[in-house]
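The block underneath contains the structure these notes are about, expressed in structure tokens.
Only the coordinates and a few stated rules stand behind these numbers; no lab work does. It should be emphasised that the depicted structure is a prediction, and the values quoted were computed from it without experimental measurement. As a convention, Cβ positions derive from the backbone with ideal geometry for all residues, glycine included, and neighbour counts pool all protein chains shown.
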Amino acid sequence: MNLRRVWTTAAALALLVLGMQFRDVLPNAADRAAESFDYDNSAPVIGDVDDVQVTVAETFNGTASNAAWVVVDYQFTQDQEVLLGAEIEAAGGNLYAPENTPGNACELTYPGLRSPCTLVFEMPEEEVAGATLYFYVGNRMGPRVVVQLPEARRQPEVTREAVWL
């Protein structure tokens, strides 16, 4: 009988340790509840992002960069009037914020109207390949447009008169 108690206690402790290890690996409820909802190129509340083109340059509107200017031109059809955020996630996981905001990146935004837009990022050129562009409302718990950036064109200088840094 004594040997049975020892084995039962050992099994219970092993299950407890195993359960603690599983708990540490699984996301907690708060993280799952606050996670964003990813959509490819179009999301409710945000709108549609089409015709994405990427240019890498040493100079943007006459300003040189310490790394490289990554100029993202795209067509945007706004779904609703909301304050958007944007960022690029490099393949290695580094995040880069734009020098201008999605709010002033477009010529004219109005729900349902397609508009040309330009976002400008300062980041290392080698991080552009395989990068992903995100548009979001708030940082978490909402829709997020996910755009895989196409291969970048290389130019020594880019000028976009409507974009101010």
> Could you give the angle, 0 to 90 degrees to the nearest 10, between helix 2-25's Cα long axis and the longest principal axis of the Cα atoms of the chain?
Replying inline: 10
> Tell me, what ³J(HN,Hα) does each residue in segment 95-102 have, in order and in whole Hz, if you take phi through Karplus 6.51 cos²θ - 1.76 cosθ + 1.60 with θ = phi - 60° and put x for Gly and Pro?
Replying inline: 9, 10, 8, x, 6, 10, 9, x
> Say a site is exposed when it is one of the GluC sites (Glu not before Pro), sits in a DSSP loop, and has at most 13 other Cβ atoms within 10 Å; what is then the longest site-free stretch of the chain?
Replying inline: 36-80
> In segment 92-150, what trypsin sites (Lys or Arg not before Pro) fall in a loop by DSSP, with at most 16 other Cβ atoms inside 10 Å?
Replying inline: ARG140
> Want the number for GLU81 to THR59: 0.36 nm per residue separation, take away the alpha-carbon distance, what's left?
Replying inline: 4.7 nm
> Between GLN155 and ALA14, what is the spin-label point distance in nm, taking each point 7 Å from the Cα along the Cα→C-beta axis?
Replying inline: 6.6
> If we count every other residue with Cβ under 11 angstrom of PRO98's Cβ, Lys/Arg +1 and Asp/Glu -1, where does the sum land?
Replying inline: -3
>> Just want to confirm a number: the relative contact order over segment 64-165, from Cα pairs under 8 angstrom separated by 6+ residues, in percent.
In response: 32
